[in-house]
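Contents: one structure, followed by commentary.
The values are calculated or read from the model by the stated rules, or taken from the named source; none is laboratory data. For clarity, every value in this text was computed on a predicted model and none was experimentally measured. Cβ placement follows ideal geometry from the backbone for every residue including glycine, while neighbour counts extend to all protein chains displayed.
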There are 2 protein chains.
Amino acid sequence: MQNDYQNKTLGILGGGQLGRMLIQAAINHNVDIHVLDPDPEAPCKHLSSRFVKGDLKDFDTVYQFGKSCDVISIEIEHVNTDALRLLETEGKKVYPQPHIIELIQDKRKQKQFYRDHGIPTSEFILTENRSDVSIHAGFLPAVNKLGREGYDGRGVQLLKKAEDLEKAFDAPGLLEKFIDFEKELAVIVARNERGELKTFAPVECAFHPEHNLVEFLFSPAEISDFLSQQAQNIAVDVIQKLGMVGLLAVELFVTKEGEVLVNEIAPRPHNSGHHTIEANFTSQFDQHLRAVLNMPLGNTAVRSPAAMVNLLGEAGYTGEALVEGLDDALAEKGVYVHLYGKKITKPFRKMGHVTILEEDIATLKKRAQKIKDSIKIKA
Amino acid sequence: MQNDYQNKTLGILGGGQLGRMLIQAAINHNVDIHVLDPDPEAPCKHLSSRFVKGDLKDFDTVYQFGKSCDVISIEIEHVNTDALRLLETEGKKVYPQPHIIELIQDKRKQKQFYRDHGIPTSEFILTENRSDVSIHAGFLPAVNKLGREGYDGRGVQLLKKAEDLEKAFDAPGLLEKFIDFEKELAVIVARNERGELKTFAPVECAFHPEHNLVEFLFSPAEISDFLSQQAQNIAVDVIQKLGMVGLLAVELFVTKEGEVLVNEIAPRPHNSGHHTIEANFTSQFDQHLRAVLNMPLGNTAVRSPAAMVNLLGEAGYTGEALVEGLDDALAEKGVYVHLYGKKITKPFRKMGHVTILEEDIATLKKRAQKIKDSIKIKA
């Protein structure tokens, strides 16, 4: 049936910046949004018709929240999937599907999935505890990851040499062969119930050397058409093999040998897609809505090259946030400041982002660096 | 002081679609929005930290609402300006300023202002009642306007010949010499407290022949650079002579002789600026916020030619709105559907709009017509 997405109630688990930007997009479609988040001051608080303060991992909380919605989606993976499974059996649409969220909650299962389905990824060894890791000195350098609860660089560490083994995570996790990659890319792909598929052009991520958070992102990635197509094909392959409905961010390594490997995936709007709000014909948030509500997917073509800079809480400042250096940025052509409505800043907390549009790539990079140097989140 | 716009509370009188799109823009700037509207189901209802149901024309309601805000603005002119004047004397920022809202509430005062300040406009005669109009048969054809309370084509009628005089408005109004214009343009201009001024490129309005509502709008207008500059200069002249802070939409006639005349003005975001959300580097809503909060004004350059189509309630349908024909539109490249969250449709009610981006102007016009023909708001 056409247009059956009208006047649906969409429940979102998580009310942070991703939910907030999703709401900005949802306003255009008359989608009624309900939000569940443990923080009574979550960024989405005043922007939904129903905001419920509650634990995303609690069965009853998630189940009760979902019962009044037609469609349930997420903006964070760490949610109670048992409740989502029950809602699904009771006829609710839950996208991404609960079993996919579970797969992605556990980096061990994720890697196993790639291996089982012939999806290119780095070599890995599953480990149960620290002593289990310690017998693999020969596998180093490797990235040691916790199976569960890692987020924004937490639960991930590099083990370079035998001495590092003593700091290995003492919990179920894995060792991934360290990839001395040439580039790190991300591709966002969407799939709706009708089976339509659309990818965004690959973007290039530049990470902060210490904090393992995306520092700059450039769109489109400066790679060959062949490599771009290869990266998009892999993203399509992953979402199809998952059978997932929704939006999937696929982080990829390009090795020095030109091989493309899947690093990690996230089944929701992603930091690597924020630029799409201004730089692509359809934004990742709009696309997420379209996918989970079974609307036609939007055209993803690039409107302009773009850079994205995360605005992180400045080291050494905790307390009520004050943004410095905004004036110059706001006056510039093609600069878009997005603040996330978080009252309290902490070192490296994601407080906002800035997208910069600029046709000339060299100028774009300079402007991105200047924006990053000039805007500071202090307290 | 730089950045003194951070964490301000902005009160908006009116919670319709203009307020709704303003909120979409305000989210990026962490501006806390309060809304006052008489309709408990107003489009802004769930999108503000404080929504007050109340009469915009009631002194106490407006005064009490404004007291808890730092800055007060409007999305409709028909508000109690005595309350706004008092709030202003008590130190609140009220933009546009109350005396300017009063001027614009009364089309007679508006015309008088143009005449007194050398702003080009059509000839006119002020009239007190029907019999007063009836003695001006020699001035016909003329547009008869009510001084107050006209909106969206209401309170405006064409008197072609002597027989029409009997339907003249029997209340204080005016007769404007009928302008058989070549084109109708609109220019949006913004001015902040710092005195910064920015105009958007003129747009061309195509009105529905019967209902006097904008049917299509094309940006930028297909006019010479000279005419474009002239139209923008007039808009700047008007806002400067008003001494206004905020956003001003200036509707202009281009006569067959190439003269540019001011038709009407609106001191707020305007239907003729909706395309700026996708088609310009800064949207009119973002610019309105920037102006009233004394932020740096944004760059207004055109990113792409655009058409805008209003989605009006289909004649013959009143009741719970159902949008037909969305699927094809949503799948198209560069088509942006904005629904306003109004549950009930009525004939010709503004239920939403669609912006179409397209480099080729001839194709753009065809696509706009196709969108208009395919999307219908029924009940």
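Odds and ends about this structure:
- Filtering the stretch B:1-20 to residues that are more than 21 Å from B:I101 (Cα to Cα) and within 8 Å of chain A (Cβ to nearest Cβ) leaves B:Q2, B:N3, B:Q6.
- Restricted to the stretch A:75-87, and to residues there that are surrounded by fewer than 19 Cβ atoms within 10 Å (Cβ to Cβ) and in a loop (DSSP other than H, G, I, E, B), the residue that is farthest from the chain's Cα centre (by Cα) is A:H78.
- Whichever residue in the stretch A:336-379 is touching a residue at least 60 places away in the same chain (Cβ under 8 Å) and of a type in the set (D, E, K, R) and, among such residues, is surrounded by the fewest Cβ atoms within 10 Å (Cβ to Cβ): A:K343
- Selection count where residues are more than 13 Å from chain A (Cβ to nearest Cβ) and either in contact (Cβ under 8 Å) with a residue 40 or more places away in the chain or surrounded by fewer than 24 Cβ atoms within 10 Å (Cβ to Cβ) (or both), scope the stretch B:25-39: 2
- Matching option when the condition is of a type in the set (K, R), in contact (Cβ under 8 Å) with a residue 12 or more places away in the chain, within 27 Å of A:S272 (Cα to Cα) and more than 11 Å from chain B (Cβ to nearest Cβ), among A:K45, A:K57, A:K53: A:K57
- The set of residues from the stretch A:285-329 being at the interface with another protein chain (Cβ under 10 Å from one of its Cβ atoms), closer than 27 Å to A:L197 by Cβ and part of a helix (DSSP H, G or I) comprises A:D286, A:R290.
- Strands (runs of 3 or more DSSP E) (entirely within the stretch A:108-213) containing at least 1 residues that are assigned by TED's automatic domain parsing to the domain that holds A:D237, in contact with a Cys (Cβ under 7 Å, 6 or more places away or on another chain) and surrounded by 15 or more Cβ atoms within 10 Å (Cβ to Cβ): A:183-191
- Qualifying residue in the stretch B:88-100 (condition: on the phi < 0 side of the Ramachandran plot, aromatic (F, W, Y), in a helix (DSSP H, G or I) and more than 14 Å from every other protein chain (Cβ to nearest Cβ)): no
- Test set (1) over 30 Å from B:G11 (Cα atoms); (2) buried (at least 22 other Cβ atoms within 10 Å of the Cβ); (3) touching a residue at least 60 places away in the same chain (Cβ under 8 Å) - B:I265 fails condition number: (1)
- Exactly one residue out of A:L56, A:L22 is buried (at least 18 other Cβ atoms within 10 Å of the Cβ), assigned to a loop (DSSP other than H, G, I, E, B) and in contact with a His (Cβ under 8 Å, 6 or more places away or on another chain): that is A:L56.
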